[in-house]
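Only one structure is covered here, and it is reproduced in the block below.
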Amino acid sequence: MVNQKKLLIFNSKIFYFFILTFFLVILYFNFLYDFKREYISKAYITNQGDNTVSIIDLTTLKKVKTLKVGVAPLGITILQNKKLVFVGNVGTDDISVIDAVDDVLIKTIKLNTAPLSLASNPEETEVYITDWFKNNVITISVEEMKVTRSSKVGKTPSGITFNKKHQYKIITNRDENTIEIYDKNYNLVRKVNTGKHPFGVFSEGDFAYAANVYDDSVSVISLIDWSMYEFLVGAHPYNVRVHDKLAYITNTIDDTLTIYDLDSKKTIKTLDTGETPENLDLNIKLNLLVITNWGDDSISIFDTQNFKFIKEIKTGAQSRSFGDFILQ
Amino acid sequence: MKKIIFALLAIMFSSSALSHGPTPQKVQESVSISASPEKTWDALKNYSEFNKIMKVRSFDDKKMKIKYGLIKKDVPYSDYNAQIRVKKGANENESIVQWTARFYRTYKLNPPIPEGQDDATAVAAVKEIVGPGLAGFKKSVESN
């Protein structure tokens with residue numbers, strides 16, 4: 001009798017309904033867990049004054065680790081898919097490679113020249129580095145982790161970025177007030193005059209943007225017809241990022257950030273930052289803007305939806321992070 | 001003998017490496033003053049000693065800070081920018097005055113760097129104006 005009753009339960013629809021619900025709940029929690037794990041985003045801050053990189057978790061807004069790298073780290077780029085961070089040390093003339101999963105230093109690549117800024121191609125097979133003193137662009141093979149090429153460019157190459165759409169390497173040459181555009185085969189496509197002392201550079205779609213330190217302006221260059229215009233920002237702008245028709249510019253002497261609307265061609269907001277804000281990067285998913293404050297040894301974090309200040313976090317000495325520094 | 005030569009070479013290379021590269025130098029010092037931030041800020045705005053060595057770029061009453069550039073040309077540092085700001089102290093009759101200077105060495109080219117044009121020389125020269133400058137200002141405010 002008892003056995004028969006048990007069998008009845010196994011045959012009932014309610015029983016299967018419970019089993020199904022049970023699995024669905026487990027699946028849901030698994031998904032939530034994975035989602036949370038996937039959404040780790042970190043900012044890697046090069047501290048030129050104490051030869052370290054501060055790692056900030058952007059989901060918890062806390063500093064999670066400090067790594068020793070070479071001497072006077074400045075430039076940085078992140079291979080988002082390979083989860084590798086490349087840091088340029090201008091004091092030891094080498095590149096520190098950090099594994100962004102475990103946050104450990106995995107390799108040091110000797111350059112024998114000062115690396116200023118870094119960028120990679122979208123396939124993440126190569127990293128390009130501006131060689132400030134010798135006027136070259138150095139290419140590193142990511143697979144081999146060594147220098148594979150060195151090509152002459154303009155004088156004091158500073159910022160470098162890669163335009164995905166046109167497959168261009170774009171470089172600002174600070175002391176000759178130019179921006180240079182190179183194709184895949186390192187042929188010069190165009191050399192355009194900018195304002196005085198172009199430093200930070202950004203490019204997306206059909207445009208390139210350069211921050212002109214001595215002119216307090218940003219040059220906007222069309223990669224289609226090479227036309228150009230400039231707009232004024234605060235004193236001594238260092239770097240520029242563009243997202244969703246808005247340009248964000250760090251003004252190092254004003255301790256401010258300019259937010260400029262590229263459609264209406266107007267400055268829509270000026271935000272107070274820490275002392276000497278140098279570089280900036282965005283996390284689109286989390287709606288965060290992160291700025292390095294060289295003078296305060298910190299980063300300032302803002303909400304890109306309402307431009308509100310969220311938090312200041314202490315880093316090592318002389319935080320700079322020239323380049324893309326957020327693991328998205 | 002070989003060891004000594006290697007050691008000397010190592011020192012040579014490491015010191016040239018350290019002063020290599022486009023690295024802005026930073027001197028940041030602060031002093032605590034027995035006066036309210038408002039009083040200190042008023043005194044700072046009217047203090048003429050700093051204006052003898054630096055040119056005022058801008059005042060910010062709200063944030064209580066002054067931005068400076070450089071006047072003198074014959075100094076062993078270049079591209080000098082500084083700010084002096086007044087912050088709250090431990091109590092309402094105390095304030096902190098902080099001076100941050102950002103500058104470069106005078107030699108901007110590839111190493112070897114000539115003597116007297118390196119980072120260390122530049123930092124030492126700026127420290128010579130910052131430390132005594134703040135001490136002088138403190139004395140001036142507290143004696144009033």
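Pick from the range B:67-126 the residues that are of a type in the set (Asp, Glu) and over 17 Å from the mean Cα position of the chain (by Cα): which of them is modelled with the lowest pLDDT?
By that ranking, first place goes to B:Glu115.
Checking the condition within 26 Å of A:Ile170 (Cβ to Cβ) and either touching a residue at least 40 places away in the same chain (Cβ under 8 Å) or surrounded by fewer than 21 Cβ atoms within 10 Å (Cβ to Cβ) (or both), which residue from A:Val87, A:Val104 passes?
A:Val87
If only one of A:Asn293, A:Asn283 is closer than 24 Å to A:Ile160 by Cα, free of Cβ contacts under 8 Å to residues at least 60 places away in the same chain and polar (S, T, N, Q), which one is it?
Only one candidate qualifies: A:Asn293.
Given the range A:156-218, what strands (runs of 3 or more DSSP E) lie entirely inside it while holding 3 or more residues that are of a type outside the set (D, E, K, R) and surrounded by 24 or more Cβ atoms within 10 Å (Cβ to Cβ)?
Passing ranges, in order: A:157-163, A:168-173, A:198-204, A:207-212.
Determine which member of the set A:Thr59, A:Thr66 is in contact with a helix residue (DSSP H, G or I) (Cβ under 9 Å, 6 or more places away or on another chain) and either outside any strand (DSSP E or B) or touching a residue at least 24 places away in the same chain (Cβ under 8 Å) (or both).
It is A:Thr59.
Just to be sure I understand, how many residues within the range B:56-66 are over 18 Å from the mean Cα position of the chain (by Cα) and facing another protein chain (nearest Cβ under 8 Å)?
So the count comes out to 1.
Go through (1) within 21 Å of A:Lys62 (Cβ to Cβ); (2) within 14 Å of chain B (Cβ to nearest Cβ) for A:Gly295 and report which single condition fails.
Here A:Gly295 clears every test but (1).
With respect to A:Val137, determine if the residue is outside any loop (DSSP other than H, G, I, E, B) and closer than 23 Å to A:Ile55 by Cα. Don't jump to the end; show me each part of the working.
Numbers: outside any loop (DSSP other than H, G, I, E, B): yes; closer than 23 Å to A:Ile55 by Cα: no.
For A:Val137, the condition - outside any loop (DSSP other than H, G, I, E, B) and closer than 23 Å to A:Ile55 by Cα - is not met.
Considering only residues that are over 20 Å from the mean Cα position of the chain (by Cα) and without any contact (Cβ under 8 Å) to a residue 24 or more places away in the chain, look in the range B:22-45 and name the one that is surrounded by the most Cβ atoms within 10 Å (Cβ to Cβ).
B:Asp42
Go over the candidates A:Asn239, A:Asn251 one by one and state the one that is under 14 Å from the mean Cα position of the chain (by Cα), closer than 25 Å to A:Val192 by Cα, buried (at least 21 other Cβ atoms within 10 Å of the Cβ) and polar (S, T, N, Q).
After ruling out the rest, the residue left standing is A:Asn239.
Taking the residues in the range A:254-289 that are β-branched (Val, Ile, Thr) and crowded, with 23+ Cβ neighbours inside 10 Å as candidates, determine which candidate is farthest from the other protein chains (Cβ to nearest Cβ).
A:Thr258
Restrict the check to the range B:108-119 and report whether at least one residue is assigned to a strand (DSSP E or B) and touching a strand residue (DSSP E or B) at 6+ places or on another chain (Cβ under 7 Å).
No - not one qualifying residue is present in the range B:108-119.
The values are calculated or read from the model by the stated rules, or taken from the named source; none is laboratory data. Everything numeric in this text was worked out from a predicted model, so none of it was measured. FYI the Cβ positions are ideal-geometry reconstructions off the backbone, even for glycines, and counts take in every protein chain you see.
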